[in-house]
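These notes are about the structure you will find just below.
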Ligand SMILES: CC(C)(COP(=O)(O)OP(=O)(O)OC[C@H]1O[C@@H](n2cnc3c(N)ncnc32)[C@H](O)[C@@H]1OP(=O)(O)O)[C@@H](O)C(=O)NCCC(=O)NCCS
């Protein structure tokens, strides 16, 4: 079962953020203090508070008993005592998203702000030759849209396998055709067809992509904190791969 939680930092503007500091360790409080901008300090605090509150609820334990580890590429995960729950976090311009998966092996998510113009020339550094060719055949406005679709899908995969940017985003492809989109995996990574993808344009401002093992298909809920209900979001997937 997969649950997706959204937190807009703006919604917490009037809250006393001091109340959330209990979720941070001493070391994390020090890391938080190093951010130059207040918005980054708030995002750091709220991300950890969100993860600890939700993960401890899912597991039915005290948040203070959660032990977090990181793989060699920086992907956080819960220690072996709580390994029945896996999660991944993404943030983009005031929105924090947490995906929680019970009894699954891995999950990767990416949220991207899409109401901005991208210099399309950077695609040569991040997309595969096939993706670049496909994209360049589209009208200019659609090229922008496709850029964000590809980018969000790619990051969700790089984060699901836990390698982040140590895996070149050019080494695998999403190929759009008349029958939908096909994922062409890097043959050195893992078995083909192992992963499934969901892509959402949740509103005119954000794309969300989720990558998980093919057999773990069902998304149980989408919730916005602190209100616990979805408002003005389009939760029909734009694409399922
Ligand atoms: C993981 C990575 C792809 C995130 O990209 P991003 O678009 O900047 O950030 P997102 O908001 O989508 O995701 C950040 C979150 O992903 C998680 N994360 C970090 N490393 C991860 C990894 N290797 N795999 C999956 N998730 C990871 C963390 O929870 C992080 O949030 P937090 O720092 O608040 O805990 C990228 O930062 C990365 O590859 N980091 C690895 C280290 C590295 O290669 N550094 C060189 C940077 S040039």
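Just so you know, all these numbers are worked out from the coordinates, no wet-lab data involved. Since this is a predicted model, take the numbers as computed values, not measurements. Every residue, glycine among them, receives a Cβ derived from its backbone with ideal geometry; neighbour counts consider all protein chains shown.
In this structure, residue 53 and residue 118 have a Cβ-Cβ separation that, at R0 = 35 Å, corresponds to a calculated FRET efficiency of about 0.55. Taking every DSSP helix (H) stretch of at least 4 residues in the chain, weighting each as -39,500 (n - 2.57) and dividing the sum by the residue count yields a mean residue ellipticity at 222 nm of -8000 deg cm²/dmol. The residues 84, 149, when put in order of fewest to most other Cβ atoms within 10 Å, stand as 84, 149. Packing-based ranking of 52-58, 14-20 yields 52-58, 14-20, ordered from highest to lowest mean Cβ neighbour count within 10 Å.
Inter-label distance, residue 35 to residue 17: 0.6 nm, where each label sits 7 Å from its Cα along the C-beta direction. Taking the average, over residues, of other Cβ atoms within 10 Å as the packing measure, peptides 93-104, 37-48 rank 93-104, 37-48 from highest down. Sorting 110, 134 by the number of Cβ atoms found within 10 Å of their own Cβ, with the fewest placed first, yields 134, 110. In this simple spin-label approximation, residue 140 and residue 171 carry label points 7 Å from Cα along the Cα→Cβ vector, and these lie 3.5 nm apart. In the distance distribution for the chain, Cα-Cα pairs more than 25 Å apart total 43 percent.
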